[in-house]
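To keep things clear, I will list the structure first and then write my remarks on it.
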Amino acid sequence: MDLFTAPTLFVEHPGGFRRALWRTTYDVSVYDEHDRALATVGERSGPGPLSLVRATGFSGHTPFDLRVALPDGREVLGIRKSFSVRHTRVFVTDPSGVSLGSLARQGPSDIVLADGTGTPLGRLGDLAPLRVGALATRDGRRVRRDVLRLHPDLGSPARQLAIAAALAWDIVHNRGTTKPSGSAWPAG
């Protein structure tokens, strides 16, 4: 089982009050339902001079260039967003830089997936339900755990785009690094 074949993904964001206030870089870890590490998401380079902006409520409007890597360090997806204010479009690429498609916010809690030609593939909520905002503990530390349930028959590129949408939910929704997403509910 790997990132692209697991039926359920746990996307974990570092938690804690101080981390929520001063987080300036985007990083998440991905696990399966058996607590096996499947991937990490991090920025290719730090925000640089945008660090001060990232510590404010305007964090979500700054650019992000994320790298999704397997535990062995191999990159499997790229997720990029430029400066945005209202209409955010996030682009997803394979490791060689070929476009898999894009993600765009739809309403307060969903994302529209489109393939590389711009043809809509559907809404994330219909293709792979995502529950955002669970409180959990990993290695003695608090985390926010988002749970993505992938339909077994979801094919390419919709599967990769649905995973990218879950990994970058805060980015697509212009929340960035400082605004917690969803409502807190205990992880079960």
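The values are calculated or read from the model by the stated rules, or taken from the named source; none is laboratory data. These numbers come from a predicted model, not from an experiment. All Cβ positions, even for glycine, are placed from backbone atoms using ideal geometry, and neighbour counts span all protein chains on display. Calculation scope for accessible area: heavy atoms of the full protein, side chains included, ligands and nucleic acids excluded. Shrake-Rupley method; radii C 1.70, N 1.55, O 1.52, S 1.80 Å.
Out of all the residues in region 49-68, is one or more farther than 27 Å from ARG142 by Cα and out of contact with any strand residue (DSSP E or B) (no Cβ under 8 Å at 6 or more places or on another chain)? Scanning region 49-68 turns up at least one residue that is farther than 27 Å from ARG142 by Cα and out of contact with any strand residue (DSSP E or B) (no Cβ under 8 Å at 6 or more places or on another chain). Residues in region 54-81 that are over 19 Å from VAL98 (Cβ atoms) and among the hydrophobic types (A, V, I, L, M, F, W, C): ALA55, PHE58, PHE64.
Please verify whether region 138-145 includes one or more residues that are buried (at least 19 other Cβ atoms within 10 Å of the Cβ), of a type outside the set (Val, Ile, Thr) and more than 18 Å from LEU9 (Cα to Cα).
No; the residues of region 138-145 include none that is buried (at least 19 other Cβ atoms within 10 Å of the Cβ), of a type outside the set (Val, Ile, Thr) and more than 18 Å from LEU9 (Cα to Cα).
Quick check: is even one residue across region 70-86 free of Cβ contacts under 8 Å to residues at least 40 places away in the same chain, surrounded by fewer than 12 Cβ atoms within 10 Å (Cβ to Cβ) and either in contact with a Lys or Arg (Cβ under 7 Å, 6 or more places away or on another chain) or assigned to a strand (DSSP E or B) (or both)? Looking for residues that are free of Cβ contacts under 8 Å to residues at least 40 places away in the same chain, surrounded by fewer than 12 Cβ atoms within 10 Å (Cβ to Cβ) and either in contact with a Lys or Arg (Cβ under 7 Å, 6 or more places away or on another chain) or assigned to a strand (DSSP E or B) (or both), one finds none in region 70-86, hence no. Among the residues of region 94-107, some residue qualifies, meaning at least one is free of Cβ contacts under 8 Å to residues at least 12 places away in the same chain, out of contact with any Lys or Arg (no Cβ under 6 Å at 6 or more places or on another chain) and not hydrophobic (A, V, I, L, M, F, W, C). Here LEU130, LEU154 are screened, and the one residue that is more than 17 Å from VAL30 (Cα to Cα) and buried (at least 16 other Cβ atoms within 10 Å of the Cβ) is LEU154. Only one of the numbered conditions (1) open to solvent by less than 40 Å² (accessible area, probe 1.4 Å); (2) under 13 Å from the mean Cα position of the chain (by Cα) is violated by ARG54, and that is (2).
Residues checked against (1) touching a His at 6+ places or on another chain (Cβ under 9 Å); (2) at pLDDT 95 or above:
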position	(1), (2)
SER59	no, no
LEU70	no, yes
GLY73	no, yes
VAL76	no, yes
ILE79	no, yes
PHE83	yes, no
ARG89	no, no
ASP110	no, no
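Among the residues making up region 104-121, a single one is open to solvent by 90 Å² or more (accessible area, probe 1.4 Å), over 17 Å from ALA168 (Cβ atoms) and outside any strand (DSSP E or B): THR117.
Residues in region 156-175 that are over 13 Å from ARG105 (Cβ atoms), in a loop (DSSP other than H, G, I, E, B) and either charged (D, E, K, R) or at pLDDT below 95 (or both): SER156 only.
Each row is one residue, and each column tells you yes or no for (1) open to solvent by less than 20 Å² (accessible area, probe 1.4 Å); (2) modelled with pLDDT under 95.
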{"residue": "LEU3", "(1), (2)": "yes, no"}
{"residue": "VAL11", "(1), (2)": "yes, no"}
{"residue": "GLY15", "(1), (2)": "no, yes"}
{"residue": "ARG19", "(1), (2)": "no, yes"}
{"residue": "TYR26", "(1), (2)": "yes, yes"}
{"residue": "ASP32", "(1), (2)": "yes, no"}
{"residue": "LEU38", "(1), (2)": "yes, no"}
{"residue": "VAL41", "(1), (2)": "yes, no"}
{"residue": "SER45", "(1), (2)": "no, yes"}
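For region 132-146, how many residues are out of contact with any helix residue (DSSP H, G or I) (no Cβ under 9 Å at 6 or more places or on another chain) and either hydrophobic (A, V, I, L, M, F, W, C) or free of Cβ contacts under 8 Å to residues at least 24 places away in the same chain (or both)? Qualifying residue count for the region: 7.
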